[in-house]
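Here the structure is laid out as structure tokens; the discussion comes afterwards.
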Amino acid sequence: GAVVSQHPSWVICKSGTSVKIECRSLDFQATTMFWYRQFPKQSLMLMATSNEGSKATYEQGVEKDKFLINHASLTLSTLTVTSAHPEDSSFYICSASSSGNTEAFFGQGTRLTVV
Amino acid sequence: AQSVTQLDSHVSVSEGTPVLLRCNYSSSYSPSLFWYVQHPNKGLQLLLKYTSAATLVKGINGFEAEFKKSETSFHLTKPSAHMSDAAEYFCVVTQGAQKLVFGQGTRLTINP
């Protein structure tokens with residue numbers, strides 16, 4: 001199957017700083033990328049959908065000024081958590097799919113801890 | 001709107017015995033359904049998917065699932081559990097345009 005690489009796999013940052021998470025499709029062109037958030041022992045909640053070259057579509061309740069998403073190329077999307085707070089600590093997972101494909105391929109996830 | 005309900009938050013079985021993880025879905029049109037597995041602090045791995053072809057779908061690691069439209073179910077089964085099957089399992093339905101809706105997850109524990 002296709003490979004999606006997410007980096008970093010874990011990060012610790014100070015409260016008030018910003019953190020960038022990268023999601024790369026290594027062997028296919030990802031026309032659509034999705035960003036999810038997962039709290040401990042809970043399911044994945046979709047945060048936003050991004051299409052290459054367009055502004056991301058955020059789910060209700062997700063602050064777009066806090067969670068900045070950029071999808072500037074067909075192989076890379078980034079999620080920047082701005083002015084991070086301890087309550088932003090979570091597991092963030094991206095997925096990517098190509099045009100017309102019902103299957104999405106997931107990155108390994110990023111464990112963010114804000115101290 | 002599409003939704004998924006995983007009927008058990010936690011399932012515990014003995015090694016070598018059958019596994020059954022239950023999933024019911026709600027969809028306003030013919031859905032695509034998936035089962036994913038997640039090991040601790042890892043991403044998600046696709047086990048199998050149903051996309052309107054054969055109703056009995058075989059996946060990796062000996063797992064299979066049967067799509068039953070009359071029961072709106074897509075239960076995941078495996079004849080004989082292995083210790084390495086211990087993980088979190090998610091039933092997922094598409095909500096059009098590749099958007100996935102996740103069930104709450106079922107944690108599978110395997111007892112020696």
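Observations on the structure shown:
- Subset of the stretch A:83-98 (residues that are at the interface with another protein chain (Cβ under 9 Å from one of its Cβ atoms) and within 13 Å of residue A:39 (Cα to Cα)): A:91, A:93
Every residue, every condition in (1) in a loop (DSSP other than H, G, I, E, B); (2) modelled with pLDDT under 95, yes or no:
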residue	(1), (2)
B:77	no, no
B:81	yes, no
B:89	no, no
B:96	yes, yes
B:104	yes, yes
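- Residues in the stretch A:39-58 that are closer than 24 Å to residue B:38 by Cα and either open to solvent by 50 Å² or more (accessible area, probe 1.4 Å) or among the hydroxyl-bearing types (Ser, Thr, Tyr) (or both): A:39, A:40, A:41, A:42, A:43, A:45, A:49, A:50.
- Failed criterion for residue B:46 (all others in (1) touching a residue at least 40 places away in the same chain (Cβ under 8 Å); (2) open to solvent by less than 60 Å² (accessible area, probe 1.4 Å); (3) out of contact with any Pro (no Cβ under 9 Å at 6 or more places or on another chain); (4) assigned to a strand (DSSP E or B) hold): (1)
- Test result for residue B:29, out of contact with any helix residue (DSSP H, G or I) (no Cβ under 8 Å at 6 or more places or on another chain), assigned to a loop (DSSP other than H, G, I, E, B), among the aromatic types (Phe, Trp, Tyr) and within 14 Å of chain A (Cβ to nearest Cβ): yes
- Checking residue A:32 against (1) open to solvent by 60 Å² or more (accessible area, probe 1.4 Å); (2) among the β-branched types (Val, Ile, Thr); (3) under 13 Å from the mean Cα position of the chain (by Cα), the condition it does not meet: (1)
- Scan of the stretch A:1-29 for residues that are of a type outside the set (A, V, I, L, M), over 20 Å from residue A:85 (Cα atoms) and more than 12 Å from the chain's Cα centre (by Cα), ordered by number: A:1, A:25, A:27, A:28, A:29
- Taking the stretch B:59-82 as the range and being within 23 Å of residue B:41 (Cβ to Cβ) and open to solvent by 80 Å² or more (accessible area, probe 1.4 Å) as the test, the residues that pass are B:61, B:82.
The values are calculated or read from the model by the stated rules, or taken from the named source; none is laboratory data. Here the structure is a predicted model, which means the values were calculated and not measured. Glycine gets a Cβ as well: all are built from the backbone with ideal geometry, and neighbour counts include every protein chain shown. SASA here: full protein model, heavy atoms, side chains in, ligands and nucleic acids out. Shrake-Rupley method; radii C 1.70, N 1.55, O 1.52, S 1.80 Å.
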